[in-house]
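Below is one structure, written out as structure tokens; comments come after it.
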Amino acid sequence: MTTTEAISPAMLDDDVADYISRGLEHLWVHTQQQADLEKEDGLKVIVRGEGIHLWDIKGRKFIDAMSGLWVVNAGHGRAELADVAATQMREMAYANTFSYANKPAIDLAEKLAGLMPPSLNRVFFVNSGSEAVETAIRMAKNYQYNIGEKKRYKVLARRGSYHGMTAGALSVNGAAAINRSPWEPLVAGSVFVENVNCYRCPFEKTYPSCDTFCARTIERTIQAERPETIAAFIAEPISAANAVSQPPPEYWPTIRNLCDKYGILLIADEVINGFGRTGKWFASELYNFEPDLMTMAKGLSSGYLPIAAVGVSDRVAKEFQGEKARTFAGGITFGTHPVACAVALANLQIIERENLVANAARNGAYLLQRLNSLKESHPTIGEVRGQGLLIGVEIVKDPATRAPFPESDDLAGKLSAALVRNGILSRAGNLVNIAPPLVISEAECDDLVARFDAALGETEQELGIA
């Protein structure tokens with residue numbers, strides 16, 4: 001596979017070196033170790049995007065196999081969204097969002113009310129998924145306080161799930177990739193339960209004979225912690241951080257029933273799942289449940305501007321009405337930003353107009369089938385799973401025992417480098433994330449699979465696997 005496609009006009013070698021040098025000296029790249037960035041081809045400077053593709057400063061063309069960070073649902077290079085931003089900036093770039101409304105925010109809130117589950121009709125805007133999670137947790141605790149349940153301060157969360165990096169979000173963050181220790185103690189009251197993972201069941205059970213034990217056993221934790229102390233349960237319908245593990249059909253209705261039984265608010269974290277990623281507008285539709293609060297970000301604007309939101313059910317919203325003391329206090333300076341709201345609304349109109357949700361369902365199923373077919377030639381593929389264009393390929397050292405590669409084999413380093421050589425940008429290791437923009441065509445799915453096939457073959461050869 002070849003990845004080189006010259007940018008027009010191509011940058012001179014001296015300019016490339018200058019940007020990389022200044023980047024290494026001054027820019028703190030999120031989550032990356034400086035020593036790794038300083039290695040040969042360690043710092044990649046992305047300069048252009050179109051459709052499912054990105055180009056770097058060296059002129060190389062890549063398939064953006066993770067939509068950035070599950071973000072760019074409508075695809076790269078949408079000039080229409082740039083025009084919307086410019087128009088709104090010329091009219092009004094900002095107004096006090098603590099005291100006043102603006103037209104784009106009202107239009108976007110109304111649009112979201114029509115897309116969210118029927119019981120959710122109010123929207124609180126912020127800037128990022130972490131802020132949305134933080135706000136939803138505060139809102140849940142405030143709701144319990146307002147209805148007289150003042151002992152309810154705990155939040156149930158799942159091991160393996162990711163919810164963000166602000167203090168409150170990090171407190172309910174169970175992702176294995178995040179070491180919470182440097183920042184502890186965090187916000188008090190987080191209680192973790194096991195996640196769902198039928199491929200590697202933490203209870204060593206098998207579905208369906210398990211009768212969805214992973215959901216039912218949560219009741220034991222609720223009882224042990226005392227229901228009157230628990231404000232909310234937060235989880236993603238499908239957890240990308242927990243290896244894109246899909247719950248059985250009975251899982252979410254069981255969780256919904258438990259929350260109703262014990263007076264616990266259910267927060268659905270749709271930051272990654274939402275806006276067509278799973279082949280539905282929201283993944284909660286897949287599992288036939290309605291949350292009390294729903295966090296949204298990423299695909300809301302397809303990354304063209306920072307924006308996030310919390311969708312609020314009528315039942316929750318009404319408990320903040322009445323006396324001034326019942327008001328939900330606090331906000332974010334740039335939350336409800338008129339330019340971001342205008343761009344997000346235009347982005348949703350593109351997703352709707354171009355039927356990208358249906359495209360994600362159709363081409364996601366095709367991509368899943370094509371990736372599964374690689375099992376015949378790659379003994380390291382343990383399982384391919386996903387919904388829509390939220391897919392994970394689990395890589396194993398031994399398919400019979402499902403044993404993962406140890407860190408000493410440096411699977412992540414070897415496979416990541418092979419993907420780059422073959423024109424793919426994604427996260428790779430014991431799980432490879434495959435989540436391209438929703439605009440991907442069937443032919444582009446074939447191209448992605450062919451490149452992944454080649455990259456995995458090179459990695460297996462480097463690891464000495466026949």
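The values are calculated or read from the model by the stated rules, or taken from the named source; none is laboratory data. Everything numeric here is computed off the predicted structure, so don't read it as measured data. Cβ atoms come from the backbone with ideal geometry, glycine included; neighbour counts cover every protein chain shown. Note: accessible area is taken over every heavy atom of the protein model, side chains too, but ligands, DNA and RNA are not part of it. Shrake-Rupley method; radii C 1.70, N 1.55, O 1.52, S 1.80 Å.
Of everything in the stretch 360-369, what is open to solvent by 50 Å² or more (accessible area, probe 1.4 Å) and of a type outside the set (Phe, Trp, Tyr)? Give them in sequence order.
Correct list: 362, 365, 369.
Close contacts from the stretch 395-408, counting a first residue that is more than 17 Å from residue 456 (Cβ to Cβ) and touching a residue at least 24 places away in the same chain (Cβ under 8 Å) and a second that is open to solvent by less than 70 Å² (accessible area, probe 1.4 Å) and not in a strand (DSSP E or B), with Cβ to Cβ under 8 Å and a gap of 6+ residues or different chains, come to 402/199; 402/396.
If you check 199, 143 for being of a type in the set (Phe, Trp, Tyr), in contact (Cβ under 8 Å) with a residue 12 or more places away in the chain and out of contact with any helix residue (DSSP H, G or I) (no Cβ under 9 Å at 6 or more places or on another chain), only one passes: 199. Checked against the criterion of being in a loop (DSSP other than H, G, I, E, B), open to solvent by 30 Å² or more (accessible area, probe 1.4 Å) and not small (Gly, Ala, Ser), the stretch 224-244 contains one or more residues that satisfy it.
Does residue 257 qualify as being in contact (Cβ under 8 Å) with a residue 24 or more places away in the chain, part of a helix (DSSP H, G or I) and either surrounded by fewer than 18 Cβ atoms within 10 Å (Cβ to Cβ) or not small (Gly, Ala, Ser) (or both)? Before the answer, list the steps.
Details: in contact (Cβ under 8 Å) with a residue 24 or more places away in the chain: no; part of a helix (DSSP H, G or I): yes; either surrounded by fewer than 18 Cβ atoms within 10 Å (Cβ to Cβ) or not small (Gly, Ala, Ser) (or both): yes.
No; evaluated as a whole, the condition is false for this residue.
Mind checking which helices (runs of 4 or more DSSP H) fall wholly inside the stretch 335-426 and carry at least 1 residues that are charged (D, E, K, R) and within 16 Å of residue 445 (Cα to Cα)? Explain how you work it out, then say what you get.
Details: elements: 338-353, 356-373, 411-421.
The helices (runs of 4 or more DSSP H) meeting that bar are 356-373.
Answer yes or no: is there a residue in the stretch 151-161 that is surrounded by fewer than 22 Cβ atoms within 10 Å (Cβ to Cβ), touching a residue at least 24 places away in the same chain (Cβ under 8 Å) and more than 15 Å from residue 234 (Cα to Cα). Yes.
Taken over the stretch 164-204, residues that are part of a loop (DSSP other than H, G, I, E, B) and in contact with a strand residue (DSSP E or B) (Cβ under 6 Å, 6 or more places away or on another chain) amount to 7. Checking each residue of the stretch 72-95 against the condition of being open to solvent by less than 60 Å² (accessible area, probe 1.4 Å) and modelled with pLDDT under 95 gives at least one match.
Going by what's in this entry, would residue 113 be described as modelled with pLDDT of 95 or more, part of a loop (DSSP other than H, G, I, E, B) and closer than 23 Å to residue 356 by Cβ?
On the way: modelled with pLDDT of 95 or more: yes; part of a loop (DSSP other than H, G, I, E, B): no; closer than 23 Å to residue 356 by Cβ: yes.
So residue 113 does not fit the description; no.
Cβ-Cβ distances below 8 Å connect the following pairs, each with a first residue in the stretch 320-339 that is over 17 Å from residue 101 (Cα atoms), a second residue that is open to solvent by less than 80 Å² (accessible area, probe 1.4 Å) and part of a loop (DSSP other than H, G, I, E, B), and a separation of six or more residues or different chains: 320/327; 320/328. Of the candidates 161, 119, 99, the single residue that is under 19 Å from residue 316 (Cβ atoms) and polar (S, T, N, Q) is 119.
Of the residues making up the stretch 38-60, those that are open to solvent by less than 60 Å² (accessible area, probe 1.4 Å) and within 24 Å of the chain's Cα centre (by Cα) number 9. Taking every residue in the stretch 292-304 that is under 11 Å from residue 129 (Cβ atoms) and in contact (Cβ under 8 Å) with a residue 40 or more places away in the chain and pairing it with any residue that is of a type in the set (Phe, Trp, Tyr) and open to solvent by less than 10 Å² (accessible area, probe 1.4 Å), at least 6 positions away or on another chain, the pairs with Cβ-Cβ distances below 7 Å are 299/275; 300/275. Give me a count of the residues in the stretch 212-230 that are within 20 Å of residue 252 (Cβ to Cβ), out of contact with any Pro (no Cβ under 9 Å at 6 or more places or on another chain) and touching a residue at least 12 places away in the same chain (Cβ under 8 Å). Looking only at that region, the number is 8.
Looking at 339, 357, 343, 316, can you tell me which residue is under 30 Å from residue 147 (Cα atoms), surrounded by 17 or more Cβ atoms within 10 Å (Cβ to Cβ) and touching a helix residue (DSSP H, G or I) at 6+ places or on another chain (Cβ under 8 Å)? Spell out how you get there, then give the answer.
Values: 339 fails: under 30 Å from residue 147 (Cα atoms); 357 fails: under 30 Å from residue 147 (Cα atoms); 343 fails: under 30 Å from residue 147 (Cα atoms).
On inspection, the qualifying residue turns out to be 316.
Consider residue 439 carefully, then state whether it is in a helix (DSSP H, G or I) and either farther than 30 Å from residue 305 by Cβ or under 23 Å from the mean Cα position of the chain (by Cα) (or both).
Answer is no for this residue.
Scan the stretch 260-270 residue by residue and report those that are open to solvent by less than 10 Å² (accessible area, probe 1.4 Å) and of a type in the set (Gly, Ala, Ser). Result: 268, single match.
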